[in-house]
Structure formats: C-alpha cells, structure tokens
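The values are calculated or read from the model by the stated rules, or taken from the named source; none is laboratory data. From a predicted model like this one, the values you see are computed outputs, not experimental measurements. Note that each Cβ is placed from the backbone with ideal geometry, even for glycine, and that neighbours are counted across all protein chains shown. Surface accessibility is based on the protein's heavy atoms, side chains included, excluding ligands, DNA and RNA. Shrake-Rupley method; radii C 1.70, N 1.55, O 1.52, S 1.80 Å.
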Amino acid sequence: MSRSSRPSAPQKSFLERWARFSYHHRWRVIGVWVVGLVAVVLANMFYGGTYVTEFKVPGAESQTARDLLTSKFPARSGDNADLVFEAPVGVNDPTVRPRIQAVLDTVSGITTGVASLESPYDTPRYVSKDGTIARAVVHWSTRANKVKGADYNTFIKAVEAASGNGLTVEAGGLVVEQHQRPAFGSEYLGLAVAVLILLIAFGSVIAMGLPLAAAIFGLGVGFSAVGLAARLASFPDFSPQFAAMIGLGVGIDYSLLIVTRFREGLHSGKSVEDSIVLAVTTSGRSVIFAGMVVAVAFLGLFLMGLPFVAALGSAGAIIVVIAVLVAVTLIPAVLALAGHSVDRWRLPFLHSSEGVDPQSSWYRFSEMIQRHPLPYFVGAAALLLLLASPALSMRLGFTDSGNDPPATHTRRAYDLLAKGFGPGFNGPLVLATDISGGGKDRLDAIVASLRSADGVAEVSPASLSPGGDIAIITLVPTTSPQDAATKRLVHTLRDTVVPSAIAGSGAKVYIGGFVAGQIDSGDRISSRMPLLFSGVIGLSFVLLTVVFRSVIVAAKAAIMNLLSIGASYGVLVAVFQWGWGANVLGIEKGPIETFLPMMMFAILFGLSMDYEVFLISRVREEYLRTGDNATSVSHGLAATARVITAAAAIMVAVFLTFVLGDQRVIKEFGIGLATAIFVDATVVRLFLVPATMELLGDRNWWLPRWLDRVIPQISIDAPSERPPVAAADAAGGGGS
C-alpha cells in the first residue's frame, strides 16, 4: 500500500489535545492556576473597586428629583432616619419632654454624620393628634451605606438607652434598615450539606472533595475578578453574596460532571489518560455549552436598562465563565494527579458505579417511564401547570418595613408611625420643584392642589433651597408604601394633578423619594421583562438548535424550563402573596418584590439549562452510537440521573438555608429558587423529559435539511466515538 493510500489517523479535537496536555503537564497547569489565583487576589486587594447601594434609574422622574436635591439642596441629599417617641402621658408632659430633648441633642451632636434634624417640638405636624406619638427626622449627610459605623452606633445607643419608664423610643428609615441588615452565612451551611450529598453520591472522600475544592477555588478567583470589575462599573453591595450563590452552584455542578465521567472511564477499564480524554471531550463539551447558556441568561439582564441590574448580570457571567474554565482546565490536571486514587477512602455501603448500568435503579426507572409514557407526560405536565397557576394573580411591588421581623427597630418604628399618623407616613413622597424658570409665586397654589388630591393625607409647605431656585414639598399618602393605591397615586399626581397645578407657571415638579424610586424601578423592570424573556429564550433556542441539531429538542427545552420557572413563581405567590404557611416562615403577606421574577428568571433559566444539556447531550451521544431513540433515552437517563439529582440536591439545600434568614426578600429567593430546582430535577428531568422523548421517538432529532445546511456544525458529543452510520442518520434529521 502506498503512503498516499493509507487511511489517515482521525484528527484530534482541541479538547482532546488539551486533555492529553493536562495529563502530561499536570503540575504546570496547576501551577499556572495557583499563580493566577494569587495574582488576581493581590490585584483586587490593591486595585479592586468598592460596591455601592445607590441604585440609579436613568431617565426616571425620581432620579431627576434625586439629582436636583443632590446638586441644589445638599443638606437634604443624604438618606434619612426616623426617631419615633411614644409616651402615654403625652410627649409634651414635663417629665417626658426633657428625656426626648436629650435624645435629640445627642443625635444632633453627631456632627460628622448628621446634617440636620427636624424636631417634633419645632414641627407640630410631627406630633400625633392625641399627643402621645412624635417623630423626629434625622437628615444624614450621606447615603445610608456611607454612614460611619461609629456614628450609627452613637445614634442607636441613644435610642436604646432612652426607652423605659413610660417612654418608648424607636429608630427607623433607610439608615437603620441598612445597618440592621444581618450578615447571613448560609453559604457555610450550604457547603456542609454539599459535603454530605457528594459523599452519598460518590461514596468516596477523594471524589467528593474534588468538585467542592474546585468550586471554592473558582469562587476565590471569581470574587477577586468581580472586585476588579467593580473598579470599572458600579456593582451592588450584595454582588459577593450573589456571586457566592451562583459560583457554589455551577462550580460544583460543572466539576461534578467532569469527575463523574472520569470515574466512568476508569470503571470501564480505560487508562487514566484516556479517562481524562473521555471526560473532557464529552462532559467538558457539555460544561462549555451549558456555561455559554447560563452566561447568556445573565447578560440578558442588560436588556432591563438598569445599571445596577446589568452589573449584577456581569458578576454572574464572570463567575460562570470562571467555573467553566476551572472545570475544563484545572480539574483534568487534578484528576491526572489523583488517578485511580480518586476512589480512595470509600465509605461503607455507599459504593457507586458510573455510566450505564442496566441493573441500576435509574435504568429500571427510565424503562418504567418509557413503558407508559403518556400517563407520566400528562401527570407531570398537569402538576407543573397546577403549581404555576397562582402566578396568574401575581402582584409585583415592593415590601416596606412593615414586613420586617417584629423584633427589629425598623418594624417597631413603622408600627408606631402608622399608629400615630397613618400608614402613608412611612413612605412620604418628596417633590423637587424647579422654580429657576419661574413659578415661585405659585408654590402655595401647588401645595393646595396636592392637598386636594384623592389619596393624599398631608402636604408640607414648600421649603426653599439655599439658592432659592429649588423648593421641596413633602407629601404623605393615605396608604402604606407597598399598597397598590400608593402606586396609583404617584401616577395620578404625575399625569394630572401636577401638570394642572404648574400649567403656565414655568415651574417643573419631579416626584421623588424612596417610594417613588421603587415605583419607577418596578415600572422599568415590568416594561422590559418581555424583552428579557424573549431575548434569552430566543438566543438559547438558537444555540440549542445548533448544538443538538434538532428544532424539537430546543423548543422542548425552552418550554420545560419556562414550566419550571412558572411553578416557582406560583409557589411564591401562594406563600408570600396569599400567605400560605406564612406563620411557619415568620413572614407577612405582601406583594412579590418587583425585581425578583427578573433575577430568578436569569438564575433559574441558566441552571435549568445546565441539567437539560447534561441529560440531552448524553442521550444524543447514545443515539449517535446506537441509532435507537428508546435505548438512548434509557441509557442517557441512567448515566446522568444520579449526577443531576446530586447537583440539584445541593442547590436545593443551599437555597433552603436562605429561609433561615430574617429578611423577607431573602426568604423569597430561597423558596423560589429551591422550588424551581427541585421541580426541574424531578418532575421535568426524571418524568417529563423521558416521557416526551419516548412519545416523539426519532422525531426528537428532526431538523429541516435547509436549516441543517445553513447553521454551523458544532457538537458537544465525542466525534471520535461516533459510528459513521448512526451519526449520519442522526444528522439528516428530517425532511425539507
């Protein structure tokens, strides 16, 4: 045979070349990662940015009001705190007034942080009609997150020391809300739960430790990378907690998949090097693609038009990319180092086998579903729709201090103010009136028009800025900040009352304040949500179609992911809006936080797509090998069900630890995320997906021939192991 006629060796893919490089140069790869970790940590220490709590809504009226106050009325541009006093004998009683005045003097003496203080003895409207409750407003010189700890401690000690002997003193407002927020270390409890679940899943201490160590290593790099990014953009102050939640989840998921496939190779008799190649060229491809989809979901938050939301999406994308890099580059080198020792330190009765085992319970479970696919399909779909049905009555809004735990200062201050002045007193609107172009003589008429509007309890006289070109008017609604009527009032004031009051005067009135800012943020988010949903789902559909060469698989994945997310929305409404189990959780009924569905969609769509990619990539791999749809479904489910269940169990346990926190919004996140992941990993992946794929048969892999010619050839299964006939049959897919 001539040299030219000899069959050429199959060309190695990049991932195969990288896998073999990692095996032969394991110490070099590990060393580069360690040096990289040290470098990025040191860079963050010296050059990292700071996180912020000031969330801007560009173009919103409340933001314009805030900017005006900051530039023209600096004494009122900081955040406020409330001092609330209750004395049954009356706040003007000779035995009470000196005690209240002493508190006011102490707080006024915090000259490094307090800009001014409005005393109830100088402002009669700050004393309730029966004279038993009074309020003082503390204007701080900075935003709540910038108030120094020493100044806040002086403030709160004065409050706590004055209570007793017939006088109750409480503190509320944004400054107190910010500083009383507890540091919640659920990630530590989550790590403990992850150790237990991984031990059960692998039955080996070494195998358990690898995904966990990889996730922690990735978090170290990711935290520092996000810190450096914070130097370039304004990242929310809870970005590290958000990154920990995402990084712990995807870091364990991705590394778990690689380690599982590596062990499968070893248990089937392959060498350590070939097992690494198998893991990287199969599971590694799945990890890369799953990470792409998750990153797309997070970057979709840019569509919301809110800088702090976009920054949060960037933080999530950074963490995901790093988790992918750790899984496909560092983990193979560590596995090369571990070799067969990956199964050392086995635990009694927890030995596990990897891959397709016809004797395993998962294999038998899949066959049970496939023998009667229609009842399981109908039952799973009906359950998902039932869980999602409460979401149809979802009311988006924002909760106020009335939802805080009863033992907190903010909740007690809120209740006292509502008792003495009405519920709207806890959420005043601040109207910044620009009279630089005229209208100063109309201020009294503007105030009178505001007082006559429905839903308005009180309007203060206008206060002029030092330059005389800006006036501040404070308006108190009759309803609480989270009441839907308050939102309607803000829109009514903007649409009819204010334009009528300032017509022809040259004055410009901008309705701001914390409540108005929340309403503007909610309106912006609600208007952009369809764009987020359609953009992320559309792009994910395209990516799935390209990778799996199937329109049906892509459409099915999008629909099922939406059903999982819808189920979590429904549970949120039932628990937090309707109050089912509210007493057990220690929460108050109220609206669903406006930003919650948006954030949950980005997180859950990405994580659900992880499990979809893990399962379907293995099913497709088996289909390309056998050409038999039923066999490929049973083999794919048997090979991946345990790893998906373990990964999901870790995420559910981590998210449920959020319920242990005191803050209502943290509980919302925990319940919603845990519900979606549990439903996705059980009802969807174990019942609905195999039942649907069994019913569809070979139509699962349908792809129009014209589309097959147009889209690029990208695969996440191992091409070197495909039988040519099966691969060709699968690629053709369907008709024209």
Between Arg28 and Thr95, with labels modelled 7 Å along Cα→Cβ, what's the label distance in nm to one decimal, could you check?
8.5 nm
With label points built 7 Å along Cα→Cβ from the Cα atoms of Ser452 and Phe21, find their separation and express it in nm.
7.8 nm
Can you give me the C-alpha center-to-center distance between the range 536-583 and the range 269-323, rounded to a whole angstrom?
19 Å
List the aspartates and glutamates whose Cα sits under 19 Å from the Cα of Lys487, skipping any in the same chain fewer than 8 residues away.
Glu61, Asp400, Asp454, Glu458, Asp495, Asp520, Asp523, Glu593
Rg/Rh (Cα only; Kirkwood hydrodynamic radius) as it applies to the range 452-580
1.20
Length gained, Ala445-Leu196, 0.36 nm per residue minus C-alpha separation, equals 82.8 nm
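By average Cβ neighbour count within 10 Å, what is the ranking of 283-291, 106-114 from highest down? Walk me through the numbers on the way to the answer.
Numbers: 283-291: 25.8, 106-114: 16.1.
Going from most to least packed, we get 283-291, 106-114.
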Quick one: putting +1 on the C-beta of Lys and Arg, -1 on the C-beta of Asp and Glu, what dipole do you get for the range 380-445 around its Cα centre, in Debye to the nearest 20?
160 debye
Please report, in cubic angstrom per residue, the volume enclosed by the convex hull of the alpha-carbon atoms of the range 275-340.
58 Å³
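Can you give the extra length, in nm with one decimal, that the chain gains between His340 and Lys157 once fully stretched, where that is 0.36 nm per residue apart less the Cα-Cα distance?
Values: separation 183, 0.36 × 183 = 65.88 nm, distance 6.06 nm.
So the chain would gain 59.8 nm between His340 and Lys157.
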Area of Phe678 that stays accessible when all protein chains are in place (1.4 Å probe, Å², to 10)
120 Å²
What does the charge add up to near Phe614, with Lys and Arg as +1, Asp and Glu as -1, over the other residues with Cβ less than 12 Å from its Cβ?
+1
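Per residue, how much accessible area does the chain show when a 1.4 Å probe rolls over the protein heavy atoms, in square angstrom? Write out the running numbers ahead of the final one.
Values: 29620 Å² over 736 residues.
Each residue of the chain exposes 40 Å² on average to a 1.4 Å probe.
By Kyte-Doolittle mean hydropathy of at least -0.5 and Cα axial length of at least 30 Å, which whole DSSP H helices of the chain are selected?
Values: long enough: 26-47 (31 Å, 1.52); 205-229 (36 Å, 2.03); 239-267 (41 Å, 0.64); 514-548 (48 Å, 1.17); 551-572 (32 Å, 1.70); 596-626 (44 Å, 0.64); 629-656 (37 Å, 1.39).
Those that pass (Cα extent of 30 Å or more, hydropathy at least -0.5) are 26-47, 205-229, 239-267, 514-548, 551-572, 596-626, 629-656.
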Mind grabbing the base-10 log of I(q)/I(0) for the chain at q = 0.10 Å⁻¹? Debye formula, identical points on the C-alpha positions, no solvent, two decimal places.
-1.00
Theoretical ellipticity at 222 nm over the chain - DSSP helices of four or more residues, -39500 (n - 2.57) apiece, nearest 500
-18500 deg cm²/dmol
Rank by packing, highest mean first: peptides 115-122, 410-417, 616-623, with packing defined as the count of other Cβ atoms within 10 Å averaged across residues.
616-623, 410-417, 115-122
If I ignore ligands, DNA and RNA and count only protein heavy atoms, how much of Phe533 is accessible to a 1.4 Å probe, in Å² to the nearest 10?
50 Å²
Volume per residue that the Cα convex hull of the range 394-449 spans, once the total is divided by residue count, Å³:
153 Å³
Under a point spin-label approximation (7 Å from Cα along Cα-to-Cβ), what is the Leu232-Asp469 distance to one decimal in nm?
3.7 nm
Gap separating the Cα centres of the range 101-134 and the range 388-458, nearest whole Å
20 Å
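Kindly state, to the nearest 0.05, the FRET efficiency for Lys146 paired with Val378, given R0 = 41 Å and r defined as their beta-carbon distance. Show your work: numbers first, answer last.
Numbers: r = 57 Å, r/R0 = 1.39.
The calculated FRET efficiency here is 0.10.
Take each of the peptides 58-66, 602-610, 659-667, average the number of other beta-carbon atoms within 10 Å over its residues, and list them starting from the highest.
Details: 58-66: 19.2, 602-610: 26.6, 659-667: 17.7.
Result, highest mean first: 602-610, 58-66, 659-667.
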Ordering Lys556, Lys148, Lys129, Lys270 by the accessible surface of their heavy atoms, 1.4 Å probe, largest first, yields Lys129, Lys148, Lys270, Lys556
Over all distinct alpha-carbon pairs, what is the Kirkwood Rh of the range 563-628 in angstrom?
14.4 Å
